[in-house]
Amino acid sequence: VTHVYFKQRHKGIPLYNAIANVHLLKNGQPFYGTSNFTTNLAEKVNSTIPVLTAEEAIWKAVDHLEIITSKSPELKEQIENNKFTFHAPNISNSEIVVELSYQKVNEQEVRLAWDLAINMLNSADYWSMRIDAITGEILHKGNYTVYCNHEHHNRDASCSSFAYNLDGSMPTFNGDTS
């Protein structure tokens, strides 16, 4: 079996978590496929050109996470046209990769965003965030760190999810990218 994965893009910019996959038999015939692509993506995006820079997006995340620092992140590498690596040891335990992407807000609206993750210095939290590249609004914030309350003994959703939506609800991954 061969597995082929596709990322949905518009004007070269990926839509966050929009993946289609096709599973092929040895003879090349597809036998199964899934997709969480957004239909008519071009009609739903708000822009293809960011107003905020990648570094400004980091500062928006720093403000939101209430990280106290005055030292600016240092651009280490520009990986692609819209993908950067920053060295910021006063902000994150690991380098911060910032990539221009789209974030689906609802079925009708997709916003240009900076996708980044900050590995907190003062806790085990590792925050994945999408920052609106036009307004600086936090569009999505999810924690890669799992916290489990050991008062229960069943493996339920409270121990198996890696991220929470901004409203505290758990995201779904069956085609819904919220």
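The values are calculated or read from the model by the stated rules, or taken from the named source; none is laboratory data. Small disclaimer: the values here were computed from a predicted structure and weren't measured. As a convention, Cβ positions derive from the backbone with ideal geometry for all residues, glycine included, and neighbour counts pool all protein chains shown. Remember, those area values only see protein heavy atoms, side chains included, never the ligands or the DNA or RNA. Shrake-Rupley method; radii C 1.70, N 1.55, O 1.52, S 1.80 Å.
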Filter the range 116-139 down to the residues that are buried (at least 17 other Cβ atoms within 10 Å of the Cβ) and over 11 Å from residue 61 (Cβ atoms), then identify the one that is nearest to the chain's Cα centre (by Cα).
139
Can you find a residue in the range 19-36 that is in contact (Cβ under 8 Å) with a residue 24 or more places away in the chain, hydrophobic (A, V, I, L, M, F, W, C) and surrounded by 14 or more Cβ atoms within 10 Å (Cβ to Cβ)?
no
Go through the range 40-70 and give me each residue that's outside any loop (DSSP other than H, G, I, E, B), touching a residue at least 24 places away in the same chain (Cβ under 8 Å) and open to solvent by 70 Å² or more (accessible area, probe 1.4 Å).
56, 60, 64
